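Worksheet for the structure shown next.
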Amino acid sequence: MRQILIRLRLDTLFACESVDGIPVVGIGWLVIPWTLITAWWLWTARRREEAATERRALLINYALGLAVLVAVCLFTQGGKPGPVIPVFGYGFLVFIGCVLAGQTAGRRARREGIPEQLIWDLAVWLFVASLVGARLWYVVQYRERIFAGRTTLLEKFFASVNISAGGLVLYGGVGLSLVAITTFARRHRDQCNPLRLVDLVVPSFFLALACGRLGCLMNGCCWGDACNLPWAITFPQDSVPFRTLVGRGFLDPDAATTFAMHPSQIYSTLNSLVLALVTATAFRYSRRHGETLAIALVAYPLTRLLLEVLRGDELGQFGTSLTISQCFSLLLLFVGLGFSAWLLRQPVPEPSVEQERTRAR
């Protein structure tokens, strides 16, 4: 567990120190990843034989980025100590997951003859929808804890949007993302079959989810139930699992760490990677538009139902032993089965030339 990866000092370029075991570095070190990212984009643009104007735009953006770093450093100089921005492990891994999802979906789109820009436009829709949906679900589910001690409307508003204090719920993001992608696909049906577009992004969603679950491990959320297996993990006193278990009366407040738990975050990561591989293969060899989505709507709820058995962060709801995530998984499973039954009754279209080439490769 490591909630904060590094801290960025804005008033210096290349300082490097450690405070409480967390690296504190100058903002100038961002030049290295910014240079690598720009070089990679230039390389991919050249491979795709993009126009010289696009490559020139990338170089201009690179120069502007460097100028912004220097300007921020100069503007903030003089503070003792200087302004510091934490880089959270969860947010960083979610960002990495979104980038990987966009890149893999874009590559898949090129093979299908779908405009890559369409995928990146959709990525913006999905990012916003998933973030808003996941936060809304969290606020509704844990509203008593979030709004405790807050009386004014302004205090409640800031508590609702304060993601840094935790947290997000996956199924809330999934629900609103389905609405977003359905709306987007219908608006761009002239460029791509809506179901084919959804199929295309499903494997990338699971890839992003795998990174997000690793972020959960670093953040200390979505923890597992007690176990005595060799790979069991514990969390320190200042972690969310420790405080929650103490509040529930399951743990002595004077304990050094939590008891040994299932690394449910790692289980979920491995599950997401397997589903990413399965759906990517299904997409390549699917005969009907929507088959990849159907597999995802059935496979993920089933695996989530099983994984929830090994988790200890949520309690039973509605007078049952089922967690809220298991209840939603059952609902999603029924939707997936119904959609699969409908899809099997649809005629199999003739494969396009592009699909034949894809399968041949």
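The values are calculated or read from the model by the stated rules, or taken from the named source; none is laboratory data. Note that the coordinates shown come from a computational prediction; the quantities given were computed from them, not determined experimentally. Reconstructed Cβ throughout: ideal geometry from the backbone, glycine too, with neighbour counts over all protein chains shown.
Numbers at a glance
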item: Whichever residue in region 1-45 is part of a helix (DSSP H, G or I) and in contact with a Lys or Arg (Cβ under 7 Å, 6 or more places away or on another chain) and, among such residues, is modelled with the highest pLDDT; result: I27
item: Total residues in region 14-27, condition at negative phi and either among the charged types (D, E, K, R) or surrounded by 18 or more Cβ atoms within 10 Å (Cβ to Cβ) (or both); result: 5
item: Complete set of residues in region 190-235 that are surrounded by fewer than 18 Cβ atoms within 10 Å (Cβ to Cβ) and either charged (D, E, K, R) or at pLDDT 90 or above (or both); result: D190, D225, A226, C227, N228, L229, P230, W231, A232, T234
item: Selection within region 277-332 - among the polar types (S, T, N, Q), in a loop (DSSP other than H, G, I, E, B) and in contact (Cβ under 8 Å) with a residue 24 or more places away in the chain; result: S286
item: Residue in region 236-251 that is surrounded by the most Cβ atoms within 10 Å (Cβ to Cβ), counting only those that are more than 20 Å from S325 (Cβ to Cβ) and under 28 Å from the mean Cα position of the chain (by Cα); result: F242
item: Conditions (1) farther than 30 Å from L315 by Cα; (2) of a type outside the set (D, E, K, R); (3) in contact with a Lys or Arg (Cβ under 8 Å, 6 or more places away or on another chain): number failed by L197; result: (3)
item: Close pairs from region 232-260: first part of a helix (DSSP H, G or I), partner aromatic (F, W, Y), Cβ under 7 Å, at least 6 apart; result: P241/W223; P241/F235; F242/F235
item: Residue that is farthest from the chain's Cα centre (by Cα), among those in region 260-295 that are surrounded by fewer than 19 Cβ atoms within 10 Å (Cβ to Cβ) and of a type in the set (A, V, I, L, M, F, W, C); result: A260
item: Unique match (being modelled with pLDDT of 80 or more and within 18 Å of V174 (Cβ to Cβ)) among L131, L118; result: L131
item: Sole exception among (1) part of a helix (DSSP H, G or I); (2) of a type in the set (A, V, I, L, M, F, W, C); (3) within 26 Å of S268 (Cα to Cα) for L168, by number; result: (1)
item: Residues of region 110-128 that turn out to be surrounded by 19 or more Cβ atoms within 10 Å (Cβ to Cβ) and assigned to a loop (DSSP other than H, G, I, E, B), as a count; result: 1
item: Selected residue [out of contact with any Asp or Glu (no Cβ under 9 Å at 6 or more places or on another chain), within 20 Å of T323 (Cβ to Cβ) and not acidic (D, E)] from L297, L270; result: L297
item: Region 158-167 - residue that is of a type in the set (A, V, I, L, M, F, W, C) and touching a residue at least 12 places away in the same chain (Cβ under 8 Å) and, of those, surrounded by the most Cβ atoms within 10 Å (Cβ to Cβ); result: A159
item: Residue list for region 132-149, filter: surrounded by 11 or more Cβ atoms within 10 Å (Cβ to Cβ) and assigned to a loop (DSSP other than H, G, I, E, B); result: Y142, F147
item: From the options C222, C211, C192, residue that is on the phi > 0 side of the Ramachandran plot, among the hydrophobic types (A, V, I, L, M, F, W, C) and in contact (Cβ under 8 Å) with a residue 24 or more places away in the chain; result: C222
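Residues are listed down the side, and each one gets a yes or a no for (1) of a type in the set (D, E, K, R); (2) surrounded by 17 or more Cβ atoms within 10 Å (Cβ to Cβ); (3) farther than 23 Å from P203 by Cβ; (4) without any contact (Cβ under 8 Å) to a residue 24 or more places away in the chain:
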| residue | (1), (2), (3), (4) |
| --- | --- |
| F88 | no, yes, yes, no |
| L93 | no, yes, no, no |
| V99 | no, no, no, yes |
| T104 | no, yes, no, no |
| R108 | yes, yes, no, no |
| S130 | no, yes, no, no |
| T151 | no, no, yes, yes |
| K156 | yes, no, yes, yes |
